[in-house]
Structures are given as C-alpha cells and as structure tokens.
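Worksheet: one structure, shown below.
The values are calculated or read from the model by the stated rules, or taken from the named source; none is laboratory data. Everything numeric in this text was worked out from a predicted model, so none of it was measured. Because the Cβ atoms are built from the backbone with ideal geometry, glycine has one as well, and the counts that use them run over all protein chains shown.
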Amino acid sequence: MNTINKLTELFSKFPGIGPRQAKRFVYFLLTRNASFLEELSRLLLEIKKEVSTCESCMRFFSNPLHNTKVCEICRDSNRHNDMLMIIERDADFENIEKSKIYEGKYFILGGKVPILEKNPENRIRVSQLKERIKDENIKEIILALSVNPDGENTERYVRELLTPLAEKDSIKITMLGRGLSTGIELEYPDSDTLKNAFKNRT
Ligand SMILES: [Zn+2]
C-alpha cells in the first residue's frame, strides 16, 4: 500500500471521518509546506508524552512535567466539591466549561452504553466511577449525557448503578433539563441552552 492510501486509512479511523474526507486530509497535507508537516509530526509524537489522564475525573490534561496526578479542575479549591457532573467525553467537558454555568467537579465516563451492549463496563469507566463517588463531600450527582437513544440508555444504566450507593450516602441524582434538542451531543449546545438545561435540572 502506498503512503497516500496508508494515511487515508489512518484518517478514516478518526471519529466521524469517512474514506472520502480522509483522502481530502491527505491531499490537503500534500499542499502544505515542510514546516507545517514538521510541526504536525512533532506534536503527534509529543501529545501522549505531555498529556496525562486525571486520576480523579479521568479527563485528559496537559501535564508536561508529570508532577501531578490530578488535573487543575480537580485541584481547584474554589470549585464546589459537593457537585459531581457525569459527562461522556472530554469534548463535552470543554463545552460546559466554556459556558461557565457550572462550578462543581466532573467525571468523564469515556463513552456511552449503546442500547444492546451486554458489557457496559467495556464502554464506560464503571469501576472508576464507583470509586469516585465514595467521596463523602458529594451531595449531588448531575447526569449530563447526550439526548439520543444511546445517551438515554447510558443515563438509565448509570442511574441504576449509582442509586444504591447514592441512597446510602443521601446523594441526590439529577439530570439536565430537557431544553436541549433531541439528538444532540453535549459538545454542541450554546451557552444559553446549557445554562437553561442546568438551571432546569430535575
Ligand atoms: Zn480531574
């Protein structure tokens, strides 16, 4: 296989990218100059070395010196320890932070549980989540998941998983209000929509 085809195959593994788009990326790269390509290759080699997974929220964070195991959000003493928002992916985290509606802590599930999935623990971070909610400061868990069938399935699964533990420690489990349009991933809504969904959580 030649380099064009090999690169096309790699790009088509990216989320949401089909073979046709993947090939456009390859031809785009061919039109760039050497310094662009050098910068890109350098960053690709660095990213895994520089970024760590937070041991508390499981988020990817920049940690070039590898001198901490938890991210800046989890370490921030101004953020409320009594609220834990459960979200699917890092991109959702970025969008919620951008909206500035929320000042609590997060937990990143790492995916969704598709409706027919027999082994949800292969899809989301079940054991890490159970460990995380042992934190006795938590008073409210907010489920902030996509408004689509897989998101709703994930919500049911996580709620069932957490209810016994939550009842034991009188933790309230809420979810974002339904101001969000159907089919949406939390990566996309604008700040006002998120603000309303957060305010109207039930
Ligand atoms: Zn963290």
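Computed values, structure above
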quantity: Unique match (being over 19 Å from residue 131 (Cβ atoms) and modelled with pLDDT under 95) among 95, 33, 5; calculated: 95
quantity: Check on residue 155, under 18 Å from residue 124 (Cα atoms) and buried (at least 17 other Cβ atoms within 10 Å of the Cβ); calculated: yes
quantity: Some residue of the range 25-45 being of a type in the set (Phe, Trp, Tyr) and buried (at least 17 other Cβ atoms within 10 Å of the Cβ); calculated: no
quantity: Residue 15 being away from the ligand (no atom under 16 Å from the Cβ), surrounded by fewer than 17 Cβ atoms within 10 Å (Cβ to Cβ), within 19 Å of the chain's Cα centre (by Cα) and on the phi < 0 side of the Ramachandran plot; calculated: yes
quantity: Residue, nearest to the ligand (Cβ to nearest atom), within the range 109-120, restricted to residues that are of a type outside the set (S, T, N, Q) and surrounded by fewer than 15 Cβ atoms within 10 Å (Cβ to Cβ); calculated: 114
quantity: Per-region count, the range 1-55, residues part of a loop (DSSP other than H, G, I, E, B) and over 30 Å from residue 109 (Cβ atoms); calculated: 4
quantity: Single unsatisfied condition, residue 106 versus (1) of a type in the set (Ser, Thr, Tyr); (2) surrounded by 12 or more Cβ atoms within 10 Å (Cβ to Cβ); (3) part of a loop (DSSP other than H, G, I, E, B); calculated: (3)
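Residue-by-condition table, conditions (1) in the same structural domain as residue 155 (by TED's automatic domain parsing); (2) near the ligand (Cβ under 10 Å from one of its atoms); (3) out of contact with any helix residue (DSSP H, G or I) (no Cβ under 6 Å at 6 or more places or on another chain); (4) assigned to a strand (DSSP E or B):
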residue	(1), (2), (3), (4)
61	no, yes, yes, yes
66	no, no, yes, no
70	no, yes, yes, no
74	no, yes, yes, no
84	yes, no, yes, yes
93	yes, yes, yes, no
